[in-house]
Structures are given as structure tokens and as C-alpha cells.
Amino acid sequence: MFNGALTLLSLIALADTTGLPVFDAQNVCADLSQQGWSLCRLADSELLAALRSEAETLWQADILTPAGIGRAEDHDIVRKIRRDLTHWMDGSTPAQAGYLAFAEAVRREVNYRLMLGLFAFEAHYAVYEPGGFYKRHVDSFRGARNRMLSSVLYLNPDWDPSDGGLLRIYAPDSEDVIAEITPEFGTLALFLSEDIPHEVTPARRDRFSIAGWHRCNDRGLVPALQVKGLPVA
């Protein structure tokens, strides 16, 4: 179930030549340039099943660690702000390599159409156990120009909105909620890291996802976003 003014993109089946999901890049990029975020539905596939299985295995083996806030000396675990467990991807398994390859395909398409200059990608598994949440935030401080495009892939079969764990998207510089996204299996949300405030509402059951960020050196030089009136530091 998707609430709010959003575009639901139908992602077609696995590409025969690569085994990776393919997506409607034109519509995704139109959404990003016009409203700063987009929503996709990936077709069910062996890759998605493998990612869910790996995330669950890591969680059950107690390998995931509590997430924190910030980087380096600023990194701290702040349970009043977020309560999730994470494990960074390094591409060392077939499932991780497959997802990183998909992220690379996204990078190429978005760069081609919006000239964002994305050059790197990082991602981690995230598990929100019952009661887990992440209060309203943005993924990159304005002007930092590091994380440029955020993405979240959800890995939860048979998820109901009553299970909580919704991705709540706010209008920039406002308390208005413009969408609440149910973390259903195969749903992929993408949004501009500096511009889109969002939060994860408290989960009522174990919630699995992959959070990722495409990074860019200098967002201030992106004409495709400036012409739409989006704020640029």
C-alpha cells in the first residue's frame, strides 16, 4: 500500500543477458528532477531471494551491529534517534555482488540522464527488530556533497501497513508528510540525499532492507536539478 502523491513504477522481469533487474530510468529520473524522489517495484527474482536469505542469516548469526550517527569521531550510537542493526556490503558473496552490479546500472542511467556525476556506491543490510525506528533526518548535510542519491530496497514478504516500519517522506522544510511507503518485498525507494527528509516508523515485526548511497563530489554543478528549482547549496 502506497499513500501520498507518488509514482509507482512497474519494473520488468530480469534482463535475459545480465540476470539483473531493469527499471524505467526515464520515469525514475523525471521523478527525481521534479520531486526529488521516486518509487519502484522490482520483479521477484533469485537475486532478491538471495539478498533476503543472506540478510536473515547474518541477523540470526548475530553479525549485525547497532547503527550509529555520523562518521569517524562523530560516530555514536544514539538509541533515541535510531534503533536498527546493520552490516556493510563488500561484494564478497554472489548476492552482494549482484546487488552492487544493479546499483552500478542505476548509477550509469542516472548519470546519463541527469548528469549527477555519481561515482561510488556504498550499502548495508539493515534490520529493524520490533520497536526499531529512525527519527526524521536527511542522509547528507546540505553542502557536504558526499551522499547524493539514497536508495532503500525492502526485503519483507507479506508485510502489512499495520506491521509498522513505514518509510515516511516529508516535504522539504515542512512537517507535511507526502508519502508513507510500506516496506514490501521488492519495493525500491530512491531520493536525493540532501533534499528529502524521511523517517522509519516503529516496526512491530522484524524488518529487513538494504540502505544504499551513491556518492558525488560536487552537487552544486548539477544543472538538471537546478533548473527544477530544487535547493542547491
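Computed from the coordinates by the stated procedures, all read-outs in this text should not be read as laboratory data. Bear in mind that the values here come from a model prediction, so they are computed numbers and not experimental data. Here the Cβ is made from the backbone with ideal geometry for all residues, glycine too, and neighbour counts use every protein chain on show.
Going by C-beta contacts inside 10 Å, put ARG83, ARG108 in order with the fewest on the left.
Working: ARG83 20, ARG108 12.
Ascending Cβ contact count within 10 Å gives the list ARG108, ARG83.
For the residue pair TRP88 and GLN34, what label-to-label distance in nm results when each label sits 7 Å from Cα along the Cα-to-beta-carbon direction?
So the label points at TRP88 and GLN34 sit 3.8 nm apart.
Suppose R0 equals 22 Å; then what is the FRET efficiency for ALA50 and GLU129 from their Cβ-Cβ distance, rounded to the nearest 0.05?
The pair ALA50/GLU129 has a calculated efficiency of 0.50.
Counting other beta carbons within 10 Å of each residue's own, what order do SER150, SER33 fall into, fewest first?
The fewest-first ordering by Cβ neighbours comes to SER33, SER150.
With unit charges on the beta carbon (Lys/Arg positive, Asp/Glu negative), name the residue among LEU149, TYR125, ILE169 whose Cα is farthest towards the positive pole of the charge dipole of region 108-170.
LEU149
For a footprinting-style exposure proxy, rank TYR125, TYR154 by other Cβ within 10 Å, fewest first.
Numbers: TYR125 27, TYR154 24.
Fewest to most other Cβ atoms nearby, the residues stand as TYR154, TYR125.
Assign unit charges at the C-beta atoms only (+1 for Lys and Arg, -1 for Asp and Glu), then state the dipole size of region 72-214 relative to its Cα centre in Debye, rounded to the nearest 20. Can you show the working numbers first?
On the way: 16 positive and 22 negative charges, 28 e Å.
I would put it at about 140 debye.
Report the FRET efficiency, 1/(1 + (r/R0)^6), for HIS137 and GLN26, where r is their Cβ-Cβ distance and R0 is 25 Å, rounded to 0.05. Kindly include the intermediate steps, with their values, before the conclusion.
Details: r = 30 Å, r/R0 = 1.19.
Plugging the Cβ-Cβ distance into 1/(1 + (r/R0)^6) gives 0.25.
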